[in-house]
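The values are calculated or read from the model by the stated rules, or taken from the named source; none is laboratory data. Worth saying up front: this structure is predicted, and the values here are computed from it rather than measured. For neighbour counting, all protein chains shown are included, and Cβ atoms are generated from backbone atoms with ideal geometry for every residue, glycine included.
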Amino acid sequence: MKITLAPMEGVMDHHMRALLTSIGGFDLCITEFIRVISLTLPAKVYRRVSPELFNQSKTHAGTPVRIQLLGQDPQCLANNARKALLVGSDGIDLNFGCPAKAVNKSRGGAILLKSPETLYKIVKEVRTSMPAYQTLSVKIRLGYADKSLAIDNAQAIYEAGANELAVHARTKEEGYLPPAHWHWIANIRESIAIPVIANGDIFNAQDAIRCQEISGCDRLMIGRGALAMPNLAQVIKGIEEPYSWPQILTLMSQYLVIQTQGDKEKYLPSRIKQWLTFMRLQQIQALPFLQTIRKIKTTQEMFDAIEHARRTA
């Protein structure tokens, strides 16, 4: 089984990738998307989103990191894919699944699922611009408003030359509302001849087993589940038991220390609160703790609160 750490805009940055991959179990990371419109972006943009490029496109734990691009212009995406590879990305990932209104309004992300022909043109152009040995992966949802084009979209992406397809088992309109329609991933997997990665509502080992049984996929992508249970990849692979609450608090302290060395310190209390909203799905202690720290605004106060909770847990 291979497990990919999903891209999550504003959440899964390089610090979080470093922390989660240090725990183990992940075989690949996809970056937050880089929006491309009309220009070939400079190398510094790719390196800012993925500092792992300075480490042969790997996290400190050795997990490969692949840059994700989002856009709608085939030639522009091809040019930027070529540039990302030149600066060292481990392949290229294309985002056709982002549900954000601002992104869709500018003809990016999930809105493109309305047009299999457009998907084909983009993937074909990007694939042609890349060396044959480099992987081109694509991320989609089951559709925009409905699932009527799910198979057509997958086949267009396959026929255009993509090597892998990750499928979030919901439409754009369904957002993140349960359930995830894993059986639709099975339909897609049976219609194309490239590896399909199943994504959506995988929060524990039991979810992973059911997703595999229903979708038929031996590759999974987890995002929110990895935030809710930081060692989820290891748990799914049968290597570890889920972390205890004290272990999770220790991780949060480590995250604060790592992030304080960067340029986002003023955002850290908000990031911890955001992380805890995901943890509520698996940790009963997360919500009460979140309520106690809601008014905290400084990193030092947050660190002290976490350390106090860890000592008294």
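Of the candidates Ala193, Ala160, the single residue that is modelled with pLDDT of 95 or more and under 23 Å from Leu69 (Cα atoms) is Ala160. Would it be correct to say that Leu85 is in contact with a Pro (Cβ under 9 Å, 6 or more places away or on another chain) and either hydrophobic (A, V, I, L, M, F, W, C) or under 28 Å from Glu173 (Cβ atoms) (or both)? Yes; evaluated as a whole, the condition is true for this residue. For first residues located in the range 99-123 and on the phi > 0 side of the Ramachandran plot, partners that are in a helix (DSSP H, G or I) and of a type outside the set (D, E, K, R) and lie 6+ apart or on another chain with Cβ distances below 8 Å form the pairs Gly109/Val103. Considering the range 240-313, the qualifying helices (runs of 4 or more DSSP H), each wholly inside and each with 3 or more residues that are more than 24 Å from the chain's Cα centre (by Cα), run over 286-293, 299-312. Contact annotation: residue pairs with Cβ atoms under 7 Å, 6 or more positions apart or on different chains, pairing a residue in the range 273-290 that is over 13 Å from Pro246 (Cα atoms) and assigned by TED's automatic domain parsing to the domain that holds Leu256 with a partner that is part of a helix (DSSP H, G or I) and aromatic (Phe, Trp, Tyr), are Leu276/Phe289. Search the range 291-313 for residues being among the basic types (Lys, Arg) and touching a residue at least 24 places away in the same chain (Cβ under 8 Å), and hand back the single one that is surrounded by the fewest Cβ atoms within 10 Å (Cβ to Cβ). Per the criteria, the residue is Lys297.
Residues are listed down the side, and each one gets a yes or a no for (1) buried (at least 20 other Cβ atoms within 10 Å of the Cβ); (2) touching a residue at least 12 places away in the same chain (Cβ under 8 Å); (3) out of contact with any Ser or Thr (no Cβ under 9 Å at 6 or more places or on another chain); (4) assigned by TED's automatic domain parsing to the domain that holds Tyr120:
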| residue | (1), (2), (3), (4) |
| --- | --- |
| Ala166 | yes, yes, no, yes |
| Ala169 | yes, yes, no, yes |
| Ser191 | no, yes, yes, yes |
| Asn204 | no, yes, yes, yes |
| Cys211 | yes, yes, yes, yes |
| Met221 | yes, yes, no, yes |
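Tallying residues that are surrounded by fewer than 19 Cβ atoms within 10 Å (Cβ to Cβ), β-branched (Val, Ile, Thr) and farther than 27 Å from Arg210 by Cα within the range 1-40 yields 2.
One residue stands out among those in the range 172-186 that are in contact with a Lys or Arg (Cβ under 9 Å, 6 or more places away or on another chain) and in a helix (DSSP H, G or I): the one that is surrounded by the fewest Cβ atoms within 10 Å (Cβ to Cβ), which is Trp184. Would you mind stating whether Ser38 is in contact with a strand residue (DSSP E or B) (Cβ under 7 Å, 6 or more places away or on another chain) and part of a loop (DSSP other than H, G, I, E, B)? So Ser38 fails the test.
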